[in-house]
Amino acid sequence: MSEQHIVSAFDRDLEAIQAMVIKMGGLVEAAILDGARALESRDTELAEKVRDGDAAIDALEDQVNEEAARCIALRAPIATDLRIVLSVLRLSAALERLGDYAKNIAKRTTVLTAMNPLTGSDVTLRRMAREVQSMLKDTLDAFVQRDKALAEDVIQRDLDVDQMYNALFREFLTFMMEDPRNITSCMHLHFIAKNIERMGDLVTNMAEQVIYVATGEMPRAERPKEDLTAISHELEE
């Protein structure tokens, strides 16, 4: 009876920690979408809401860390149970970083309100952000359901985000060459695009972690990558 009681207490602890991660995920999804909407409409109030909301995401990560540490200390999980607890810590860290990227987008949106918008770029950035948010939602669903196939699908979809980023990168270069007055706004927009592209990478890392939870092994195949700007930087080095 005592061992059964310990197991059931661990299960309750683990469910509570996983619920916190899912709550974090919901806040991050909203921050990504709101950040993109604020950018497209130049809505400074919505951008400020995204910036302020990052504190709640950070607080949840701290809570996850504390509860996971307490769970390890009191329950001494092993094998599969330990794998889940450690993966939860990695997922919450990635979510916190995603929240930071959303906050950075909101900060640059506030600066961009004083500049002339560039035709079409805001719409593409919002589409990129929606894809990342969709990938994040599916990753969290895959985590709850221990769905390896759904996590693998998320990894493949990061190619779409990379391709949108590459197209925007070329577009911004064209705008800057056509009119030097576009340089400042293009630089801000490029940083936003790069933040969203990195969000896609982080979500892909999370999807790989979900596969590890579901199977006990990290994916061995090399991750598909289409960020051509990153490749060019590597060649220059």
If we keep only residues of the stretch 38-52 that are touching a helix residue (DSSP H, G or I) at 6+ places or on another chain (Cβ under 6 Å) and not acidic (Asp, Glu), then the residue farthest from Gly120 (Cα to Cα) is Arg51
Return the pair list, or none, for Cβ contacts closer than 6 Å from residues in the stretch 161-180 that are within 14 Å of Ile196 (Cβ to Cβ) and among the charged types (D, E, K, R) to residues that are open to solvent by 10 Å² or more (accessible area, probe 1.4 Å) and at pLDDT below 95, at least 6 apart or on different chains.
Asp162/Glu226
Among Ile84, Ile57, Ile72, the single one that is farther than 30 Å from Arg220 by Cα and part of a helix (DSSP H, G or I) is Ile57
Given the residues Ala16, Ala56, Ala102, Ala106, which is the only one that is more than 18 Å from the chain's Cα centre (by Cα) and of a type outside the set (Val, Ile, Thr)?
Ala16
Subset tally (residues that are open to solvent by 70 Å² or more (accessible area, probe 1.4 Å) and either of a type in the set (Lys, Arg) or closer than 19 Å to Glu131 by Cβ (or both)) for the stretch 161-178:
2
Expected output for the stretch 3-26 (first residue closer than 14 Å to Ala69 by Cα and open to solvent by less than 30 Å² (accessible area, probe 1.4 Å), partner at pLDDT below 75 and of a type outside the set (A, V, I, L, M, F, W, C), Cβ below 9 Å, 6+ apart or cross-chain) is Phe10/Arg75; Phe10/Pro77; Asp13/Arg75; Leu14/Arg75; Leu14/Pro77
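To keep it simple, each residue is scored yes or no on (1) in contact (Cβ under 8 Å) with a residue 40 or more places away in the chain; (2) buried (at least 17 other Cβ atoms within 10 Å of the Cβ).
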| site | (1), (2) |
| --- | --- |
| Ala55 | no, no |
| Thr80 | yes, no |
| Arg90 | yes, no |
| Glu96 | yes, yes |
Out of Phe175, Phe191, I need the residue that is under 25 Å from Thr44 (Cβ atoms), of a type in the set (Phe, Trp, Tyr) and touching a Leu at 6+ places or on another chain (Cβ under 7 Å). Which one?
Phe175
Those residues that are part of a helix (DSSP H, G or I) and open to solvent by 40 Å² or more (accessible area, probe 1.4 Å), I need them from the stretch 98-127; list them, please.
Lys103, Asn104, Lys107, Arg108, Thr110, Val111, Val123, Arg126, Arg127
Quick check on this structure: which one of Arg220, Arg146, Arg130, Arg181 is of a type in the set (Lys, Arg) and either within 15 Å of the chain's Cα centre (by Cα) or buried (at least 18 other Cβ atoms within 10 Å of the Cβ) (or both)?
Arg130
Go through Leu189, Leu202, Leu150 for me and flag whichever is within 18 Å of Ala102 (Cβ to Cβ), modelled with pLDDT of 95 or more and among the hydrophobic types (A, V, I, L, M, F, W, C).
Leu202
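The values are calculated or read from the model by the stated rules, or taken from the named source; none is laboratory data. On a predicted model such as this, the values are computed, not experimentally measured, just so you know. We place every Cβ from the backbone using ideal geometry, glycine too, and count neighbours over all the protein chains shown. To get the accessible areas, we keep the full protein, side chains included, count just its heavy atoms, and leave off ligands, DNA and RNA. Shrake-Rupley method; radii C 1.70, N 1.55, O 1.52, S 1.80 Å.
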